[in-house]
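> Before we start, here is the structure in question, set down as structure tokens.
The values are calculated or read from the model by the stated rules, or taken from the named source; none is laboratory data. Quick caveat, the model's predicted, so the values are computed rather than measured. Cβ atoms come from the backbone with ideal geometry, glycine included; neighbour counts cover every protein chain shown. Please note that ligands, DNA and RNA were not included when accessible areas were found on the heavy atoms of the full protein model with its side chains. Shrake-Rupley method; radii C 1.70, N 1.55, O 1.52, S 1.80 Å.
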Amino acid sequence: MLDVRDLHVGTSRLRLVSDVSFSLSAGERVGLIGESGSGKSLTASAVMGLLPEGVRAEGSVRLAGVDHDLVGASEKALSRVRGDRVAMVFQEPMTALNPVMRVGDQVAEAMLLHRTVPDRRAARARAVELLDLVRLPDPGRAARAYPHQLSGGQRQRVVLAMALSNDPSVLLCDEPTTALDVTVQAQVLDLVLRGVERLGSALLFITHDLAVVATVCRRVMVMYGGRIVETGTVDEVFTRPRHPYTRGLLDSSDLERSDERGRLRTIAGAVPAAGRFPDGCVFRTRCPRAQDDCAELPPWYGDRARGHACRHPVEEPR
Ligand SMILES: Nc1ncnc2c1ncn2[C@@H]1O[C@H](COP(=O)(O)OP(=O)(O)O)[C@@H](O)[C@H]1O
Ligand SMILES: [Mg+2]
């Protein structure tokens, strides 16, 4: 459904994402994890062709059924694909909503734009159905509401209804529940899963919540310093992490592994500033296992058959 190959993202001065390659097949659910500043959002934005001003992508992003590369495609070509074959849900629902337009009209508009409904009347009716599918109470009435009249969780449901409205083959979710109350998070997550299951869409789920990855995804990619440092099934990666960064990330998020005083173990050192990651292994300046040869990338780096990018991988299971 989606094939990303040798993706590089950066400004004229900074390399922000390097050498990212992965693919998603129909119905597959893949997690993307890593500390803040790792390049997760830029990766998803590059796939959507929605990079910030001054940030450019190189490499290749191919979608099933689209005969051109999305990298380097015109804005016109991208807008035909975006919200149609590939859709995205962001952390903050208001980034996707127009504050001065009724939410039902916004969902309808998304379908009219891609002509997946015959006319406005059908679009309005379908919008109410979609709002019902994402469990908005009294969907007919909710359709007439403006975004500010809804709660954060309700707004994110509207965004999800919009994202699913044209039956996308790929759904990208960038921390879709982070801004919501804990009680609402599980409900929205459940709706995302029902949505992709109903449509058979592939899902890329970005989150810092490893427990969510464990329940939602079968495969996971770990990102640090703009690179994917480890990938594999959730089972493999969570029980036998090979890259010291993955190991640190798992240990630091694991309550059972807090010390006697109940402090969480954290990864030593701070994430370098954008574009300030070292050459070679991006993690070597914080890595407890680093040796001299880590200044060079492993020769097999980028070989996706290998699950990790480390010359001195962790051997012991957790
Ligand atoms: N427009 C931009 N110009 C320069 N640096 C940017 C820009 N957008 C993001 N960055 C930097 O790129 C890095 C990766 O960002 P991001 O993809 O948002 O990380 P994540 O989503 O993993 O937290 C961060 O260090 C961020 O500051
Ligand atoms: Mg982000």
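> So if I check each of Ser18, Ser38, which one is open to solvent by less than 10 Å² (accessible area, probe 1.4 Å), closer than 21 Å to Gly232 by Cα and within 16 Å of ligand 2 (Cβ to nearest atom)? Can you show your working first?
Working: Ser18 fails: within 16 Å of ligand 2 (Cβ to nearest atom).
Answer to the check: Ser38.
> Looking for whichever is of a type in the set (Asp, Glu), touching a Leu at 6+ places or on another chain (Cβ under 9 Å) and at pLDDT below 95 here; the options are Glu92, Glu35. Which one fits? Don't jump to the end; show me each part of the working.
On the way: Glu92 fails: touching a Leu at 6+ places or on another chain (Cβ under 9 Å).
The unique qualifying residue is Glu35.
> Further question on the same structure: State which residue pairs qualify: first residue in contact (Cβ under 8 Å) with a residue 12 or more places away in the chain and inside segment 194-214, second residue part of a strand (DSSP E or B) and open to solvent by 10 Å² or more (accessible area, probe 1.4 Å) in any location, beta carbons under 8 Å apart, and separation of 6 or more residues or different chains.
If the second residue must be part of a strand (DSSP E or B) and open to solvent by 10 Å² or more (accessible area, probe 1.4 Å), the pairs left are Val196/Arg29; Ala202/Arg29; Leu203/Arg29; Phe205/Arg29; Ile206/Asp174.
> Let me ask something else. Return the residues of segment 131-178 that are away from ligand 1 (no atom under 16 Å from the Cβ) and in a strand (DSSP E or B); say none if nothing qualifies. Quick ask: steps written out before the conclusion?
Just the residues of segment 131-178 that are away from ligand 1 (no atom under 16 Å from the Cβ), to begin with: 131-171.
Selection gives Val170, Leu171.
> State which residue pairs qualify: first residue open to solvent by less than 20 Å² (accessible area, probe 1.4 Å) and inside segment 145-167, second residue of a type in the set (Ser, Thr, Tyr) in any location, beta carbons under 6 Å apart, and separation of 6 or more residues or different chains.
The qualifying pairs are Asn166/Thr116.
> Please tell me if Val128 is within 22 Å of Leu180 (Cβ to Cβ), open to solvent by less than 90 Å² (accessible area, probe 1.4 Å), modelled with pLDDT of 95 or more and not in a loop (DSSP other than H, G, I, E, B).
On the way: within 22 Å of Leu180 (Cβ to Cβ): no; open to solvent by less than 90 Å² (accessible area, probe 1.4 Å): yes; modelled with pLDDT of 95 or more: yes; not in a loop (DSSP other than H, G, I, E, B): yes.
So Val128 fails the test.
> Of all residues in segment 7-54, which are closer than 22 Å to Gly65 by Cβ and either assigned to a loop (DSSP other than H, G, I, E, B) or in contact with an Asp or Glu (Cβ under 7 Å, 6 or more places away or on another chain) (or both)?
Within segment 7-54, Ser21, Ser23, Ser25, Ala26, Gly27, Glu28, Ala44, Gly49, Leu50 meet the criteria.
> Here's another thing I want to ask about it. Closer than 22 Å to Arg82 by Cβ, touching a residue at least 24 places away in the same chain (Cβ under 8 Å) and touching a Leu at 6+ places or on another chain (Cβ under 9 Å): does that describe Leu133? Write out each step before concluding.
On the way: closer than 22 Å to Arg82 by Cβ: yes; touching a residue at least 24 places away in the same chain (Cβ under 8 Å): yes; touching a Leu at 6+ places or on another chain (Cβ under 9 Å): yes.
Judged against the criteria, Leu133 is a match.
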